[in-house]
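This report concerns only the one structure given below.
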Amino acid sequence: RTVYVNGEYLPEEEARVSVFDRGFLFADGVYEVTSVLDGKLVDFDGHAKRLERSLGELEMANPVTRDELLEIHRELVTRNAITEGMVYLQITRGAADRDFAFPVDATPTIVLFTQSMPLIEKPTAKTGIKIVSIPDLRWGRRDIKTVQLLYPSMGKMVAKKAGADDAWMVQDDFVTEGTSNNAWIVSGNRIVTRHLGTEILHGITRAAVLRMAREVQMTVEERPFSLAEAKAADEAFVTSASAFVMPVVEIDGQPVGQGTPGPLSRRLREIYIDEMR
Ligand code: PDD
């Protein structure tokens, strides 16, 4: 595989980042994951805008223009012959002597790589996924897409050990989001997903699915929903760049609705894939 590091395209074995990089020492960095369908980037502009916002919130310099970033994404997709999969991008504050206070003039480290993987024909899209709930113990600025992913990573392991696929995080009885996706429920004909704020990541897929649902006259509410409301819902699903729209069929061992992917979840997945490819 060819990867991109600080201006160079290199074989992955030759790519190097400093041991003093603040991404490594402090998780002082941000990232984006953009999916690729039929060799084309899905919603690149949305990801580029959110990246710029994350960098701004952390007072981190942006080493590339949006056009350059697009060019690097496309070049890697071509060089690695990715038809379906994703491009991972990470920008960290760069290398410096270890100090909690960061240097204001550090040179950021930028890394991109690709991963080829099936996104449309995923077995879980047919069966749905099982969720367990865990408390949301992350820091309070979840709207910034930082590389501090240890808590979500531990949450995913909790799910696996319980025989489930993923975890939903809960704060004050309300669901915030999944470990790496936004959480949704369907009650009657109403589709509910948490409103934007600092408690959740502002998902690019979330925004697209909201728009598409409204375009086909579905009723959408952006508001908090409790774990109890989710367990009593007719349907549930998650959205992310790699999951698209993924039905949830079980929460904490209880079936959601009929315990099979619901009609609105399946329809939204179809609409999303149709529009994005
Ligand atoms: N995760 N919430 C969290 C905590 C996330 O990490 C993600 C994305 C999302 C969905 O955002 P989007 O629709 O823009 O992908 C919500 C990516 C895919 C990841 O970490 O792999």
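Data table
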item	result
Residue count for the range 221-264, restricted to those that are assigned to a loop (DSSP other than H, G, I, E, B), among the polar types (S, T, N, Q) and more than 16 Å from the ligand (Cβ to nearest atom)	2
Any hit, the range 35-43, residues being modelled with pLDDT of 95 or more, within 17 Å of the chain's Cα centre (by Cα) and among the β-branched types (Val, Ile, Thr)	yes
Failed condition for Ala61, given (1) at pLDDT below 95; (2) more than 20 Å from Thr146 (Cβ to Cβ)	(2)
Residue in the range 168-183 that is over 17 Å from Val132 (Cβ atoms), among the hydrophobic types (A, V, I, L, M, F, W, C) and at pLDDT 95 or above present	no
In the range 113-142, the residues that are of a type in the set (A, V, I, L, M) and within 15 Å of the ligand (Cβ to nearest atom)	Met117, Leu119, Ile129, Ile131, Ile134, Leu137
Strands (runs of 3 or more DSSP E) (entirely within the range 1-73) containing at least 3 residues that are in contact (Cβ under 8 Å) with a residue 12 or more places away in the chain and in contact with a strand residue (DSSP E or B) (Cβ under 8 Å, 6 or more places away or on another chain)	2-5, 29-37
Residues of the range 24-39 that turn out to be more than 16 Å from the ligand (Cβ to nearest atom) and surrounded by 14 or more Cβ atoms within 10 Å (Cβ to Cβ), as a count	4
Top-ranked residue of the range 198-225 - restricted to ones that are within 19 Å of the chain's Cα centre (by Cα) and among the polar types (S, T, N, Q), ranked as farthest from Gln171 (Cα to Cα)	Thr205
Asp43, sole failed condition from (1) more than 13 Å from the ligand (Cβ to nearest atom); (2) surrounded by fewer than 18 Cβ atoms within 10 Å (Cβ to Cβ); (3) not basic (Lys, Arg)	(1)
Hits in the range 174-217 (condition: part of a loop (DSSP other than H, G, I, E, B) and away from the ligand (no atom under 15 Å from the Cβ))	Gly188, Asn189, Val216, Gln217
All positions within the range 169-180 that are crowded, with 23+ Cβ neighbours inside 10 Å and within 14 Å of the chain's Cα centre (by Cα)	Glu177, Gly178, Thr179
Criterion: of a type in the set (D, E, K, R), surrounded by 16 or more Cβ atoms within 10 Å (Cβ to Cβ) and not assigned by TED's automatic domain parsing to the domain that holds Val209 - qualifying residue of Asp21, Asp99, Asp105	Asp21
Checking Val248 against (1) in contact with a helix residue (DSSP H, G or I) (Cβ under 7 Å, 6 or more places away or on another chain); (2) surrounded by 14 or more Cβ atoms within 10 Å (Cβ to Cβ), the condition it does not meet	(1)
Test: residue in the range 215-223 that is in contact (Cβ under 8 Å) with a residue 12 or more places away in the chain, touching a Lys or Arg at 6+ places or on another chain (Cβ under 6 Å) and either over 25 Å from Asp274 (Cβ atoms) or buried (at least 23 other Cβ atoms within 10 Å of the Cβ) (or both)	no
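The values are calculated or read from the model by the stated rules, or taken from the named source; none is laboratory data. Nothing here was measured: the structure is a model prediction, and the numbers come from that model. Note that we place each Cβ from the backbone using ideal geometry, even for glycine, and neighbour counts take in every protein chain shown.
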